[in-house]
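To start, the structure under review is shown below, and the notes come after it.
The values are calculated or read from the model by the stated rules, or taken from the named source; none is laboratory data. This is a predicted model, so every value here is computed, not measured. Here the Cβ positions follow ideal geometry from the backbone for every residue, glycine too, while neighbour counts run over all protein chains shown.
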Amino acid sequence: MKTPTKTMKLVIDENIAYIRETFAGYGEIVLSHGRKITNELLKDADVLIVRSITNVNAELLQNTNVKFVGTATIGTDHIDKEYLKQNNIAFADAKGCNADAVTEYVYTAISKFLVESGTPSEGVKLGVIGRGNIGGRVVKLAPYLGLKLLVNDPPLQRQGVKYPFVDLQTALSADILTIHTPLYKSGIDKTLHLINSDNIGRTQNIRFLINASRGETAETFALTELTKERKIPLCLDVWENEPKINSELLSLSRFASPHIAGYTLEGKINGTMMMKKALDKFINYSDTFTLLPPLVEDSRIQLQSNKPIIEILYEASRFVYKIEKDTEILKQAAGMPAEESGKYFDSLRRNYELRREFTNYTIELLPYNAQAARVLRMFRFNVV
């Protein structure tokens, strides 16, 4: 393949943003729900582009013509990359596409927890498990709020990355814990049930836990016991056994969302454009097409600056995203039968009204405060 041709067939998850506009002219486009992409559908396909809900492996691809697989997601645990390599199938992911979106989700939750519990941010210990695209951003921003870091990332530590990493148990001694690891089901860096009843039961300091990575990195039973016995508030965006998530854990969680921490318009556009660029490189094609998000209406925020920075961030982030609304909507699934709740979970993701990222909003500080302005700009707000 050298240029887009009408003979190409592209099978693409229907929930990837701006697909028809982006790949118009590339050939036949077949859109499908990610859980309904089958081997039969792919028999005469050349290109497959998915999200995290489609398992791409030998069962899906054997005896098909697929030569390029892309996933418009940062995670790749749903992709059998070894099979693709062995069968000379090109692969691309969208690492980093929604890293800013997830980071903003995390700090929206952190600021909400600290302010509403009456806790000053200075000196609070933040445990970060995984310092990759998202965890690295979380780590970078923490000092601007006075948070003290406990960062765990064994792969980076083995690579010789210069950073004061700590072991897992030390990270679990933090006041707030946020998880940002890929899902590895085996091997030296296994993250399946990385947080479990044994290790989290040995720490007494955690006051708030966030998981916006993969549901299987934290054992459902351990999280349930943590909040039942010790009343630890949880913020869960990801769950084991999605979309049929645990009803008890859902009902116990302080904040809950249907795997949408990265669901901003900017993140979606980034993912789609990364897929286009990777496919263009594969077929040796180039054009000037790009996607530009529309301007945000009512994007100006007036805030009083004579208060701690964590309170200013709390008010600014709440203007952009109210996590309690997602919680209320998702918790309606708590009493549903598993099959029905699974469909409900998927429908919430499919029909989610995409958030906009902080960079679209301008804050007017009254009066102007240079130090607060500097911090808000680090969080990608515009400040006047």
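Residues are listed down the side, and each one gets a yes or a no for (1) in a strand (DSSP E or B); (2) without any contact (Cβ under 8 Å) to a residue 12 or more places away in the chain; (3) touching an Asp or Glu at 6+ places or on another chain (Cβ under 9 Å); (4) under 29 Å from R137 (Cα atoms):
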residue	(1), (2), (3), (4)
T64	no, no, yes, no
I74	no, no, yes, yes
D77	no, no, yes, yes
L84	no, no, no, no
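Residues of the stretch 271-281 include none that is in the same structural domain as G215 (by TED's automatic domain parsing), closer than 23 Å to R355 by Cα and among the small types (G, A, S). When restricted to residues that are in contact (Cβ under 8 Å) with a residue 60 or more places away in the chain, part of a loop (DSSP other than H, G, I, E, B) and acidic (D, E), the stretch 289-322 contains 0. I need a count of the residues in the stretch 328-359 that are of a type in the set (S, T, N, Q) and over 16 Å from G262 (Cα atoms). Number of matching residues: 3. Summed over the stretch 100-123, the residues that are over 10 Å from the mean Cα position of the chain (by Cα), polar (S, T, N, Q) and farther than 12 Å from Y321 by Cβ give a count of 3.
Number of residues in the stretch 355-384 that are touching a residue at least 24 places away in the same chain (Cβ under 8 Å), under 25 Å from I269 (Cα atoms) and outside any helix (DSSP H, G or I) equals 9. Mind listing whichever residues of the stretch 323-350 are of a type in the set (A, V, I, L, M, F, W, C) and outside any helix (DSSP H, G or I)? Within the stretch 323-350, A334, M336 meet the criteria. Kindly check whether there is at least one residue in the stretch 29-51 that is under 30 Å from D175 (Cβ atoms) and either in a loop (DSSP other than H, G, I, E, B) or of a type outside the set (S, T, Y) (or both). No. Consider the stretch 180-227 and keep the residues that are farther than 16 Å from D77 by Cβ and among the basic types (K, R). The one that is surrounded by the fewest Cβ atoms within 10 Å (Cβ to Cβ) is R202. Remark: K244 falls outside the filter, which requires a residue to be closer than 24 Å to F381 by Cβ and not β-branched (V, I, T).
With respect to the conditions (1) touching a Gly at 6+ places or on another chain (Cβ under 6 Å); (2) touching a residue at least 60 places away in the same chain (Cβ under 8 Å), R51 falls short on a single one, namely (2).
Somewhere in the stretch 289-305, is a residue within 26 Å of G136 (Cβ to Cβ), surrounded by 15 or more Cβ atoms within 10 Å (Cβ to Cβ) and in contact with a strand residue (DSSP E or B) (Cβ under 6 Å, 6 or more places away or on another chain)? Within the stretch 289-305, none of the residues are within 26 Å of G136 (Cβ to Cβ), surrounded by 15 or more Cβ atoms within 10 Å (Cβ to Cβ) and in contact with a strand residue (DSSP E or B) (Cβ under 6 Å, 6 or more places away or on another chain).
May I ask you to verify whether V384 is at pLDDT 95 or above and either touching a Phe, Trp or Tyr at 6+ places or on another chain (Cβ under 7 Å) or of a type outside the set (G, A, S) (or both)? Judged against the criteria, V384 is not a match.
Scanning the stretch 55-101 for residues that are of a type in the set (V, I, T) and buried (at least 20 other Cβ atoms within 10 Å of the Cβ) returns V56, V66, V69, T71, T73, I74, I79. Scanning the stretch 235-278 for residues that are assigned to a helix (DSSP H, G or I), of a type outside the set (D, E) and over 16 Å from K95 (Cβ atoms) yields S247, L249, L250, S251, L252, L265.
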